[in-house]
Amino acid sequence: MAAKAPTDDLSKLSVLELMFDKVNDAAATNGKPDAKVATNGNLAEHSDGESDDDAEDNAPAAGGEAAKKKKKKRKPKKKKKAPTAQTDPPSVLLSQLFPNNSYPKGEEVEYVDENRYRTTSEEKRHLDNLNNDFLTDYRHAAETHRQVRQWAQKNIKPGQTLTEIANGIEDSVRRLVGHDGLAEGDAIAAGMGFPTGLNLDHIAAHYSPNLGNKTVLQQSNVMKVDIGVHVNGKIVDSAFTMSFDPMYDNLLEAVKAATNTGVKEAGIDVRLGELGGLIQETMESYECEINGTTYPIKSIRNLTGHTILPYSIHGTKSVPIVKTNDTTKMEEGDVFAIETFGSTGTGKVWDEGEVSHYALNGDAPNVDLRVASAKPLLNVIKKNFGTLPFCRRYLDRIGQEKYLLGLSHLVKTGIVEDYPPLVDKKGSYTAQFEHTILLRPTVKEVISRGDDY
């Protein structure tokens, strides 16, 4: 300890002189201090005296060693644990919650009758195994859809604006798939399969708020929430209806039951016109009393389900929700959106209102564009959305300005298709439920099925 003392205090330590004698003798003999003593500062173990001068000579050496700070052992940094649960609002990447692409399966339903053999067929199993990437992308998109919509169902309340609701859903989807859609081409990798539909009351489909829309959700509204999520162009299309007054319960129950009938009866070799008849029978077995008046629930006869193709929400086959003479069959490998719409109105819809939904026409004609802003806008659409549907809010968020004239020209030339809102008569109420199903070689997978519907 004496070696650690400051030089100014050495004169006060005369009582310790006898302790330095042996050190002094060693210095006289060897011409240098005892290394062991100097290093360890273990002077108390040695007897005999030492002069003050010798002590002063030794102090710097001992003090120099003592001045070296002991290195603290660094504790190894704890590795951050991978998240095991989703946040509220959803923000954790699905790939972190489900490592190694282990996304949950949808509801698997075995085929029946003449297709029962498919469940155990080695050939069909082999074909099924060839679709690993296809199934991984679809299950990734489906789990994203489930987590976002279940959050939305808990958090959507009257008093919120439709813009707030739409942005909340879409931003959550983008966070979960890890693509915010702001960089060129990013939205084509994964994200929204189409603009979120928020269709109130008599509006059945294709309504999403444009920039500046201030519509507020009311306690009396019946709102259809139609969400599309895609991963590498594999689109999950699923919808539900929300109401905040129990008098609409039968309307919602009728449409949910009709959709479940369509899902249950769909399968390889099923004829589409017959399937529509089964859906209609279920739907129209319900009625609903609203404000003292009883209304029969009608299938909206000019709306249908549809096949889904990569990067194309509407494929080549339609699933009617009323009985028709269509003898087209469902086939192995088809992906169908089974969606049904019920109404207390006329049971028919037409175009009406401000357009929000657009999509690049895959078979667009090659025409001269006479509006200066149309050509650069077309390039933006191709590079950012491809054939995926988009809305005006999506153009706004990637920095496009003053594009309405160019967009209108692209629609008039047939290069871009617009999708106006589809409405029944004012004062009526409509509802929608929808699931995406995969007709795999071995089983039917209701890819979007969840605990909620």
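The values are calculated or read from the model by the stated rules, or taken from the named source; none is laboratory data. In this text, all values refer to a predicted model and were calculated from it rather than measured experimentally. Cβ coordinates were reconstructed from backbone atoms using ideal geometry, including for glycine residues, and neighbour counts include every protein chain displayed. The protein model used for the area step is the full one, side chains on, heavy atoms only, and it has no ligands, DNA or RNA in it. Shrake-Rupley method; radii C 1.70, N 1.55, O 1.52, S 1.80 Å.
Need pairs with beta-carbon distance below 6 Å; first residue within 22 Å of residue 230 (Cβ to Cβ) and assigned to a loop (DSSP other than H, G, I, E, B) and within the stretch 154-179, second open to solvent by less than 10 Å² (accessible area, probe 1.4 Å) and at pLDDT 95 or above; sequence gap 6+ or separate chains.
179/190; 179/191
Return the only residue of 298, 234, 323 being more than 27 Å from residue 108 (Cβ to Cβ), touching a helix residue (DSSP H, G or I) at 6+ places or on another chain (Cβ under 7 Å) and not aliphatic (A, V, I, L, M). Walk me through how you get there before you give the answer.
Working: 298 fails: touching a helix residue (DSSP H, G or I) at 6+ places or on another chain (Cβ under 7 Å); 234 fails: more than 27 Å from residue 108 (Cβ to Cβ).
Just a single option satisfies the conditions, and that option is 323.
Find the strands (runs of 3 or more DSSP E) located wholly in the stretch 363-453 whose residues include 2 or more that are open to solvent by 50 Å² or more (accessible area, probe 1.4 Å), and list them.
Numbers: elements: 416-419, 430-439, 443-446.
In the stretch 363-453, 416-419 are the strands (runs of 3 or more DSSP E) which contain 2 or more residues that are open to solvent by 50 Å² or more (accessible area, probe 1.4 Å).
Would you say residue 105 is within 27 Å of residue 265 (Cβ to Cβ), touching a residue at least 12 places away in the same chain (Cβ under 8 Å) and assigned to a helix (DSSP H, G or I)?
Details: within 27 Å of residue 265 (Cβ to Cβ): yes; touching a residue at least 12 places away in the same chain (Cβ under 8 Å): yes; assigned to a helix (DSSP H, G or I): no.
Against the criterion (within 27 Å of residue 265 (Cβ to Cβ), touching a residue at least 12 places away in the same chain (Cβ under 8 Å) and assigned to a helix (DSSP H, G or I)), residue 105 does not qualify.
Being surrounded by fewer than 20 Cβ atoms within 10 Å (Cβ to Cβ), of a type in the set (A, V, I, L, M, F, W, C) and under 25 Å from residue 276 (Cβ atoms) is the filter here, so list the residues in the stretch 336-362 that pass it.
350
Evaluate the following for residue 345: is it farther than 26 Å from residue 387 by Cβ and either outside any strand (DSSP E or B) or modelled with pLDDT under 95 (or both)?
On the way: farther than 26 Å from residue 387 by Cβ: yes; either outside any strand (DSSP E or B) or modelled with pLDDT under 95 (or both): yes.
Yes.
Within the stretch 305-313, is even one residue under 28 Å from the mean Cα position of the chain (by Cα), touching a residue at least 40 places away in the same chain (Cβ under 8 Å) and on the phi > 0 side of the Ramachandran plot? Walk me through it before giving the result.
Step one: of the stretch 305-313, the residues under 28 Å from the mean Cα position of the chain (by Cα) are 305-313.
When the remaining residues are screened for being touching a residue at least 40 places away in the same chain (Cβ under 8 Å), the result is 305, 308, 310-313.
When the remaining residues are screened for being on the phi > 0 side of the Ramachandran plot, the result is 311.
Checked the stretch 305-313: at least one residue is under 28 Å from the mean Cα position of the chain (by Cα), touching a residue at least 40 places away in the same chain (Cβ under 8 Å) and on the phi > 0 side of the Ramachandran plot.
Among residues belonging to the stretch 208-263 that are of a type in the set (D, E, K, R) and crowded, with 17+ Cβ neighbours inside 10 Å, point out the one that is farthest from residue 147 (Cα to Cα). Reasoning before the result, please.
At the first step, the residues of the stretch 208-263 found to be of a type in the set (D, E, K, R) are 214, 224, 226, 234, 237, 245, 249, 253, 256.
Pick out the ones that are also crowded, with 17+ Cβ neighbours inside 10 Å and you get 224, 226, 234, 237, 256.
Numbers: 224: 18, 226: 14, 234: 17, 237: 14, 256: 20 Å.
Top of the filtered list is 256.
What strands (runs of 3 or more DSSP E) completely inside the stretch 191-303 contain at least 3 residues that are polar (S, T, N, Q)?
Details: elements: 203-205, 222-231, 234-243, 287-290, 293-296.
Once the strands (runs of 3 or more DSSP E) in the stretch 191-303 are filtered for at least 3 residues that are polar (S, T, N, Q), what remains is 234-243.
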